[in-house]
Amino acid sequence: MDDQNKNLILAMVLSFIVITGWLIMFPPPEPAVTTDPAAQASQSSSPTDNTVAPAAAATTEAAPADIATQQAQAGRVDIDTPELSGSISLLGGRIDDLKLKEYHVELSKESDIVTLLRPAGEENAYYTLYGWTPGGQTALEDVPGPTTVWNVENGSTLTPNTPVTLRWDSPSGLIFRRTVSVDENFMFSIDQSVENTSAAAQRMAPYGVIARHGEPQDQKGFFILHEGLIREVDGELEESDYSDIADLSYDDREGALADVQQVEENGWLGFTDHYWMTTLIPEPGEPFTSVVRYADKADIYQAQFRLRAQDVAPGTTASATTHFFAGAKEWETIRAYQKEDGIDKFIDSIDWGWFFFLTKPIFAVLHWLNALIGNMGWAIIGLTLVIKAVLFPLAYKSYVSMAKMKELQPEMEKLKERAGDDRQKMQQEMMELYKREKVNPASGCLPILLQIPIFFSLYKVIFVTLELRHAPWIGWINDLSAPDPSSILNLFGLLPYAAPSPESFLAIISLGVLPILLGISMWLQQKLNPAPTDATQAMIFAWMPWVFMFMLGGFASGLVVYWIANNTITFIQQYTIMRSHGHKPDVLGNVLKSFKRSPKDSK
């Protein structure tokens with residue numbers, strides 16, 4: 001077998017090993033198996049003052065049925081923005097009912113829109129609340145808590161143009177106000193203030209909490225994707241799975257499993273899902289205490305911020321403004337919050353993974369191409385052209401080297417005849433030949449090996465980024481983040497029954513159009529060169545495209561589109577360069593030979 005075929009086989013085997021290892025380490029996601037959480041009493045702890053002695057400001061929520069009754073009696077304030085719908089409960093002033101108008105649970109526009117937040121009392125409750133921790137001589141009953149019933153002072157419906165102000169008067173003459181505003185996307189601003197109309201000085205600290213009752217039921221449970229707590233502490237990004245939070249050490253000051261860190265300048269924290277996120281964001285430059293808690297008996301995960309305590313003299317007002325992100329992890333929206341509002345490293349709330357130095361620029365180019373072209377599928381093909389253009393100098397050098405090796409084939413055959421069975425002598429003379437002709441036999445593998453990290457990075461981008469979710473391309477490809485929905489088992493829709501579901505055991509052989517085109521493109525790429533003469537190597541060489549076809553059949557359509565485009569461009573490049581160096585690949589002849597090859601020829 002000539003060295004050109006050896007290089008190609010070696011590169012394909014290496015790719016096969018890497019992808020097989022990837023599938024073993026990162027198996028496809030399976031539906032998460034969850035049980036319905038039992039209806040039980042839950043305990044929520046207000047944050048402690050991080051300047052004065054910690055306050056034991058614990059409050060106990062009622063059982064689910066009771067909390068639902070209390071919320072119904074307290075009333076609600078509607079939320080209506082271009083992106084969000086929902087309401088704020090006047091019980092505790094919680095933002096606990098939120099839906100994403102532009103995103104549906106399933107591909108069909110007739111399916112329900114995504115529900116992000118749910119009130120306490122419902123299954124998998126998920127909400128945020130704000131308040132003040134008493135310090136010094138301030139009593140617990142003089143600050144609002146999770147079950148405080150607020151009154152609406154201004155506003156009726158929260159919109160981007162109409163903020164809402166809630167008010168609560170304490171028994172001792174403190175007037176608390178909470179003004180909630182929201183932009184046209186997913187960012188809430190919470191302005192908390194306390195006016196001291198009493199005769200005594202008061203001391204207290206503002207806080208905010210995101211509470212999540214139990215683990216989310218729709219977790220992907222896939223190693224490549226982080227779901228759980230995410231927080232940024234003075235430039236350091238931290239990610240914790242729900243199991244990590246449940247394994248925290250018990251903190252006596254918190255009265256729960258907890259992790260407490262001090263943020264000096266910039267930080268934020270919250271919970272991230274596959275495509276959605278909630279995040280508490282103090283003002284940039286504002287020191288605060290970042291707290292992760294888990295109440296194991298109640299199965300409640302909490303992310304909290306606690307600002308410094310403030311002294312409120314009689315006749316004065318203290319205030320604090322923070323932000324709350326609740327919505328979709330749209331790259332452009334999150335990047336705008338980072339650049340325009342100064343939220344440090346907010347773009348890292350998207351899970352870019354270990355290859356962030358590749359995934360970030362790859363997605364930036366893909367997003368730009370999508371905005372330019374208007375279709376994510378064609379943008380992926382455009383991205384392939386960009387990547388091939390960047391790698392072209394290496395590819396050109398590789399293909400030139402392969403063409404030169406083809407020219408050296410007659411001389412190499414003579415070397416083999418002269419060396420006979422002396423393999424050491426043959427190798428020495430071949431290395432001298434390569435050196436004299438300035439040919440690098442290993443250069444043919446380099447472009448393919450460079451494709452491996454790019455392939456994995458693009459796989460990560462397509463899997464984690466929201467912009468690929470439910471993104472159509474052409475015809476039957478209406479979701480580039482999902483596998484090709486067509487199936488050879490029903491003749492691609494010609495037979496009157498549905499294709500097997502991804503969970504079916506038939507899914508592995510239920511190949512769609514794109515995986516089949518992938519196998520054909522790899523097979524044609526092989527035909528630029530004659531099949532190797534060695535029977536074993538020829539068999540490996542012949543089966544490789546079809547093995548890859550089945551391996552990648554269940555991958556996201558966008559990734560398969562990239563691979564097909566990459567194979568096609570590689571074929572054109574290699575064919576053109578080989579022709580320019582005097583070697584005309586006999587593609588048609590090699591194809592015909594592969595069909596005519598007899599068992600005797602393989603021996």
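Every number in this text was worked out from the coordinates using simple rules, so none of it is lab data. In this text the structure is predicted, and so the values were computed from the model without any measurement. Because the Cβ atoms are built from the backbone with ideal geometry, glycine has one as well, and the counts that use them run over all protein chains shown.
Pull up all non-local amide H partners of Asp484: gap of 5 or more, or a different chain, and H-to-H distance under 5 Å with H placed in the peptide plane.
Residues meeting the criterion, in which the H sits 1.01 Å from N, are Ser557.
Hey, what's the Cα Rg ratio for region 266-318 versus the globular rule of thumb, 2.2 N^0.38 Å?
Details: Rg = 15.0 Å, N = 53, 2.2 N^0.38 = 9.9 Å.
Ratio of Cα Rg to 2.2 N^0.38 Å: 1.51.
Under a point spin-label approximation (7 Å from Cα along Cα-to-Cβ), what is the Gln427-Asp251 distance to one decimal in nm?
In this crude label model, Gln427 to Asp251 measures out at 6.1 nm.
Cross-link candidates for Lys416: which aspartates and glutamates have Cα within less than 14 Å, leaving aside residues fewer than 8 places away along the same chain?
Filter leaves Asp2, Asp3, Glu429, Glu432.
Assuming R0 = 56 Å, what is the FRET efficiency of Thr321 and Phe392, from their Cβ-Cβ distance, to the nearest 0.05?
On the way: r = 52 Å, r/R0 = 0.92.
Efficiency for this residue pair is about 0.60.
Return P(r) of region 297-405 (all Cα-Cα pairs; 10 Å bins starting at 0; whole %; ordered from short to long distances).
It works out to 10, 23, 24, 17, 12, 8, 4, 1, 1, in whole percents.
Whole-Å semi-axes of region 198-307's equivalent ellipsoid, largest first, each the root of 5 times a Cα gyration tensor eigenvalue? Could you put the intermediate results ahead of the total?
Numbers: eigenvalues 134, 59, 32 Å².
Output for region 198-307: semi-axes of 26, 17, 13 Å.
If r is the Cβ-Cβ distance from Val547 to Lys345 and R0 is 35 Å, what FRET efficiency results, to the nearest 0.05? Mind dumping the intermediate values first?
On the way: r = 41 Å, r/R0 = 1.18.
After rounding, the FRET efficiency stands at 0.25.
Quick one: which of Lys404/Lys584; Lys101/Lys345; Lys220/Lys329 span more than 20 angstrom between C-alpha atoms?
Values: Lys404/Lys584 13 Å; Lys101/Lys345 27 Å; Lys220/Lys329 16 Å.
The pairs that break the limit, which is 20 Å between Cα atoms, are Lys101/Lys345.
With viscosity set to 0.890 mPa s and temperature to 25 °C, compute the Stokes-Einstein D of region 114-175, Rh being the Kirkwood radius across alpha carbon pairs; µm²/s, no decimals. Display every interim value, and only then the final one.
Values: Rh = 14.2 Å.
Translational D for this selection: 173 µm²/s.
Just to be sure I understand the model, the point goes 7 Å from the Cα along the line to the Cβ. What's the resulting Asp311 to Leu385 distance in nm?
6.8
Which whole-number percent of Cα pairs in region 57-146 have a distance greater than 21 Å?
Details: 1685 of 4005 pairs.
I get 42 percent for the Cα pairs in region 57-146 exceeding 21 Å.
Which log10 I(q)/I(0) values does region 217-279 give at q = 0.24, 0.30 Å⁻¹ under the Debye formula, counting every alpha carbon as one identical point scatterer?
-1.11, -1.27
Would you mind computing the Rg to Rh ratio of region 123-276 from its alpha-carbon coordinates, Kirkwood style for Rh?
Details: Rg = 18.3 Å, Rh = 18.3 Å.
Ratio value, two decimals: 1.00.
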